[in-house]
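For reference, the structure is listed below as structure tokens.
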Amino acid sequence: MNKDRFSSKLGMILAAAAGSVGLGNVWKFPYMLGENGGAAFLLVYILCVILFGLPLMMAEFLIGKEGKGSVYSVYRHLSGTNHWNWLPWLTVTSTTLITGVYLIIIGWCLGYLYLSITGAVTQVVDINSAGQIFHSFSGNSVQVVLFTTISILLSIAMLWAGVNKGVERLSKILMPLLLLLLVILVVRVMFLDDASKGYAFLFQPNWTCLTPRVVLEAMGQCFYSLSIGMGALITYGAYMPKEQGVAKGSIQIVVLDTLAALLAGCAIFPAVFAFGFSPEQGPKLVFEMVPLVFGQMAGGRWFTLVFFALLAIAAITSVAFLMEMMVAALVEATANKRHPLTRHHALILAGAACLVVSVVCVLSSEMFSWVDFITSTVTLPLIALCTVIFFGWFVADKLMLNKLSSTNSNKGWVVVFRFLIRWFIPVIIMLILLNGLGAF
């Protein structure tokens, strides 16, 4: 296992938060809000983060910290058997596919950042012209592959110097910058006429929108927003400073992650409503509606540029977060082989594998849809389910009682944590899995 570690508690928190705050927060969360009624979805999502996302994050961090290794070895190390050896490879394969799809979206972000600089994307006058620009860009395979390649190179560059000198140092700059850019956008749209309609959509629940499907969608969104089931939290748990508390650190990361998602919503929806557009635009919301809405504001070109810059920053830090898991697993898996991989060789290999997935998906929309479906609907919840079963039923008592209940005052919430991990969360994940497969 790579001996590099985070040098401080703050560095670890910012690095993990920067990794979690990505496309799931700034791209997917707003359009999920728009499609599911706004405030009602938001409240359910926050409840899911507390009862579902936070315990899962703590479990993954504990597996990594106490397993003292990458996803390749922690299951065997903690269980003392080889029965779980298949799970690391499923995790690496699934995360490689997820990262390949993420890279395409980052390619779109970088492309729109370029179009914002040139002014082309701010010349839209209606929803039709906004749609034409998006379809023209996303349909140009050469352009998308070019920007996707740039995105993987930027991610590799972020990881090249290692965990402490690379990821941690950059996260201390990029995470505050990301939040600052979001705040700038939020303040700007706050002064638009009729912005209050957007805040009403975000913070005044319409309970008629709350259906079982919306609840399951909010639960599923936790996977993306918190990067659960991708192995990255386990890897960062292994890099965690020994003196850092898992529970406190997880809460701090979840707060930063949720804050970023809320700021993204506050930057988008007041502007969308101020100009009389519908929030129900789906995945294309930020690529069609944002340029159109910001383009009608004073200084809109600059605010469009700021938005796609922060989206690109968030996405690249997330990809680096996921790739670090692959790199650590590859290095550890080959450590005792005749030709072990160095960190740099593993990084290049992981980057190449992700780029191949991206190129195939760019060239085939059917493959893009299949990879997106199989990862978001099957492998992601399946890995999370297996991880929580492993933790809850095979190693929970040893890890929870020793690490989480150091004082008598902590033992009450440890009992609640055990219940959530063993019974509540597995049932929830099963429901999410069945919902994704169309059972409901």
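A compact table of results
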item	result
FRET efficiency, Leu43 to Lys197 (Cβ-Cβ, R0 22 Å, nearest 0.05)	0.75
Cα Rg, Dmax, segment 76-223, angstrom units	21.0, 63
Accessible carbon and sulfur surface of segment 92-134 relative to its total accessible area, %, 1.4 Å	63 percent
Magnitude of the charge dipole, segment 246-352, Cβ model with Lys/Arg +1 and Asp/Glu -1, debye to 20	340 debye
Segment 145-293 - charge dipole about Cα centre, Lys and Arg +1 at Cβ, Asp and Glu -1, debye rounded to 20	400 debye
Bins of 10 Å from zero: percent of alpha-carbon pairs in the chain	5, 22, 32, 27, 11, 3, 0
Helix axis angle, 9-20 relative to the chain longest principal axis, alpha carbon, degrees	60 degrees
Under 15 Å from the Cα of Lys9 - aspartates and glutamates, other chains or at least 8 residues apart	Glu168, Glu243
Alpha-carbon Rg with Dmax, taken over segment 176-310, Å	17.4, 52
Over segment 87-172 - Rg/Rh using Cα atoms and the Kirkwood inverse-distance radius	1.10
For segment 52-157: relative contact order, % (alpha-carbon pairs under 8 angstrom, 6 or more apart)	22 percent
Helix-only CD estimate at 222 nm, as mean residue ellipticity for the chain, using -39500 (n - 2.57) per DSSP H run (n ≥ 4)	-23000 deg cm²/dmol
Rg to Rh quotient for segment 329-386, alpha carbon positions, Kirkwood Rh	1.12
Electrostatic dipole magnitude of the chain [Cβ: Lys, Arg +1; Asp, Glu -1; Cα centre; debye, to 20]	1440 debye
Charge-dipole axis of segment 1-127 as Lys and Arg at +1 and Asp and Glu at -1 on Cβ define it, positive-most pick from Pro30, Ile117, Trp89	Trp89
Segment 267-307 - percent of accessible surface contributed by carbon and sulfur, probe 1.4 Å	57 percent
Span per principal axis, largest first, for the Cα atoms of segment 257-315 (Å)	29, 24, 18
Heavy-atom surface of segment 1-152, accessible at 1.4 Å and reported per residue (Å²)	33 Å²
Over segment 1-122: Rg over Rh, Cα atoms, Kirkwood Rh	1.05
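The values are calculated or read from the model by the stated rules, or taken from the named source; none is laboratory data. Computed from a prediction, not measured in an experiment: that's the story for all the values here. Every residue, glycine as well, gets a Cβ built from its backbone with ideal geometry; the counts of neighbours run over all protein chains shown. Ligands, DNA and RNA are stripped out before the accessible areas are found, and what is left, the full protein with its side chains, is counted by its heavy atoms. Shrake-Rupley method; radii C 1.70, N 1.55, O 1.52, S 1.80 Å.
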